[in-house]
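Student: Got a structure for you, questions after.
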Amino acid sequence: MAELILFCLRLMRNTRRIILLLPLLTLPVLPAGEARAKNVILFLADGGGIPTVNAASLHGYGKPQALYVQQMPYIGLSDTSSASNWVTDSAAGMTAIVTGQKTNNGVISQSAAAVRGRRDGETLKTILEYAEERGLSTGVLTDRPISDATPAACYAHNNDRSKQGEIFLQILKPRFGDGPDLVVGLGRGVVEKQTAALGMDIWPELAAKGYQRVTSPESCRGAQPRAARLVALFESEEFKLAEWVDCALTVLSRNPKGFFLMVELDTHLGEARKSLEAMIELDRIVRRTAERMKGADTLILFTADHSYDLHLPRSGVPGEDIVPLMKLAGHHNAEEVLVAAEGPGAERVRGFIPNTWLFQIMMSAYGWK
Ligand SMILES: [Zn+2]
């Protein structure tokens, strides 16, 4: 009898636990009959915290909440802490977003068992790799070096973000599919130098893997349907990100299975005016992209990997230039960042969420477990 009572008590306890866990298990999963995204576009404002979003609106439009990302229908607030620190760097921040796992600062898409520069953690599968595995087209587009932490976390795995040669070479040895189809960014010199130090001449290797080297976004229009795998690396920051986004949408949209595209723009530039103008530029790109992709089953996400100490502390008045009033301490910080979304699956963006949920939100939007 005592045994039976004990058994019943244990059953009740476990049932309660299962009931408590249920909402956690069901939240990111796709309810039956819900529209799925064919394409996902992830816009990443590097260092673009809410104070920067707010000030960009005041600077660009002379009024609050005038940015497109401030008018998107679904918003949430994402925690950005890493496994090793309340304040993340871009490596751990982007790893969380594209793999759903928090890791240590400095680590590129490996688990928190990694010790920077000394020991590998488990390799974490990224949303780009899931897309490649399923035959979608993929692209990585940045105004930072292509081997830098944010873009690297999409296509590479390394215990140290500074190993930029090793990181870039992983484009040539993809774990799934044929690797990113569109690779556009800065850092040509760094990439050439660091890969040469590893005994590799990247340009013939890239050509052998079917990449066409291009220098102008015009060339996207001429690229052959489905065969188009493009690489464009630059030295100067003068290239126009908006034109390359147009190019990417043209090329990637040719795949009937859909695509994944990550677009990064650096919005923590050590100078208030430059940072705000970068945010305004990225916002314009998000608006144009949303207009162009309307009706094309595309989940559009805007977020930041972390915030940055750029604030408007003093009382500006309407009509006044806010740039001289901005206070710039120039550090990453631990505060939550905006997530804004529209398109199929966007309704999952709400409330306070961990940055790792962005991965779940993208996977669920595609209808993948
Ligand atoms: Zn960053």
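Student: Show that you can apply the helix-only estimate: for the chain, add -39,500 (n - 2.57) for every DSSP H stretch of four or more residues, divide by all residues, and state [θ] at 222 nm to the nearest 500.
Tutor: Details: 12 runs with 131 residues, N = 369.
Estimated from H runs of four or more residues: -10500 deg cm²/dmol.
Student: A follow-up question, please. How much net charge surrounds LYS209 when only the other residues with a Cβ under 9 Å from the Cβ of LYS209 are counted, with Lys and Arg +1 and Asp and Glu -1? Can you show the working numbers first?
Tutor: Values: positive: ARG229; negative: ASP178, GLU205.
With Lys, Arg at +1 and Asp, Glu at -1, the neighbours total -1.
Student: Rounded if a/c is under 1.5, else prolate if a/b is larger than b/c, else oblate: which is the range 220-301, with a ≥ b ≥ c the root eigenvalues of its Cα gyration tensor?
Tutor: Details: a/c = 2.74, a/b = 1.52, b/c = 1.80.
The shape class here is oblate.
Student: Something else: Only helices at least 30 Å long along their axis, Cα-based, and averaging -0.5 or more on Kyte-Doolittle count here, so list those DSSP H runs from the chain.
Tutor: Numbers: long enough: 2-26 (36 Å, 1.15); 272-293 (31 Å, -0.54).
Answer set is 2-26.
Student: Separate question: What do the square roots of 5 times the Cα gyration tensor eigenvalues come to for the range 35-104, in whole Å, largest first, as semi-axes of the equivalent ellipsoid? Intermediate values should be presented prior to the final figure.
Tutor: On the way: eigenvalues 130, 67, 17 Å².
Values for the range 35-104, descending: 26, 18, 9 Å.
Student: By the scheme Lys and Arg +1, Asp and Glu -1, what is the net charge of all other residues having a beta-carbon under 12 Å from that of SER90?
Tutor: Values: positive: ARG144, ARG161; negative: ASP46, ASP89, ASP148, GLU264, ASP266, ASP305.
Around SER90, the charge tally is -4.
Student: Which shape class, rounded, prolate or oblate, goes with the range 271-322 when its Cα gyration tensor gives a ≥ b ≥ c as root eigenvalues, a/c under 1.5 marks rounded, and past that a/b bigger than b/c marks prolate?
Tutor: Values: a/c = 3.07, a/b = 2.05, b/c = 1.50.
In terms of gyration-tensor shape, prolate.
Student: How big is D for the range 46-366, in µm² s⁻¹ as a whole number, if Stokes-Einstein is applied with the Kirkwood radius of its Cα pairs at 10 °C and 1.306 mPa s?
Tutor: Details: Rh = 19.8 Å.
Answer, rounded: 80 µm²/s.
Student: Can you tell which of ILE322, ILE108, GLY49 lies farthest toward the positive end of the dipole of the chain, using +1 and -1 charges on the Cβ of basic and acidic side chains (Lys, Arg; Asp, Glu)?
Tutor: ILE108
Student: Could you name the lysines whose alpha carbon sits less than 22 Å from that of LYS257, not counting residues in the same chain fewer than 8 places away?
Tutor: Straight-distance partners of LYS257: LYS38, LYS125, LYS209, LYS294, LYS369.
Student: Write out the trypsin sites (Lys or Arg not before Pro) in the range 230-276 meeting two conditions: DSSP loop, and at most 13 other Cβ atoms within 10 Å of their Cβ.
Tutor: Values: sites: LYS240, ARG254, LYS257, ARG273, LYS274; in loops: LYS240, ARG254, LYS257.
Counting only loop positions with at most 13 other Cβ atoms within 10 Å, the trypsin sites (Lys or Arg not before Pro) in the range 230-276 are LYS240, LYS257.
Student: If neighbour count is taken as other Cβ atoms inside 10 Å, put GLU342, GLU320 in order from fewest to most. Mind showing how you got there, number by number?
Tutor: Values: GLU342 23, GLU320 12.
Arranged by neighbour count, lowest to highest, GLU342, GLU320 become GLU320, GLU342.
Student: Would you list LEU128, LEU198, LEU276 from fewest to most Cβ contacts within 10 Å?
Tutor: Numbers: LEU128 30, LEU198 12, LEU276 24.
Ordered by Cβ neighbours within 10 Å, fewest first: LEU198, LEU276, LEU128.
Student: Among DSSP beta bridges lying fully in the chain, give the percent that are antiparallel, nearest 5.
Tutor: On the way: 15 of 49 bridges.
Bridges in the chain that DSSP calls antiparallel: roughly 30 percent.
Student: Which GluC sites (Glu not before Pro) does the range 86-143 hold that lie in a coil by DSSP with at most 14 other beta carbons within 10 Å?
Tutor: On the way: sites: GLU122, GLU129, GLU132, GLU133; in loops: GLU122.
In loop regions of the range 86-143 (DSSP not H, G, I, E or B), the sparsely surrounded GluC sites (Glu not before Pro) are GLU122.
Student: Once you have the Cα-Cα distance between TRP203 and ALA334, take 0.36 nm times their residue separation minus that, and quote the gain in nm to one decimal.
Tutor: Details: separation 131, 0.36 × 131 = 47.16 nm, distance 3.99 nm.
The span from TRP203 to ALA334 would gain 43.2 nm if fully extended.
Student: Suppose each label sits 7 Å from its Cα in the direction of the beta carbon; what would the THR215-GLU235 distance come out to in nanometres?
Tutor: Placing both labels 7 Å along Cα→Cβ, they lie 1.1 nm apart.
Since every read-out is calculated from the coordinates, none of them should be taken as a lab result. Just so it is clear, the model here is predicted, and its values are computed rather than measured. Because the Cβ atoms are built from the backbone with ideal geometry, glycine has one as well, and the counts that use them run over all protein chains shown.
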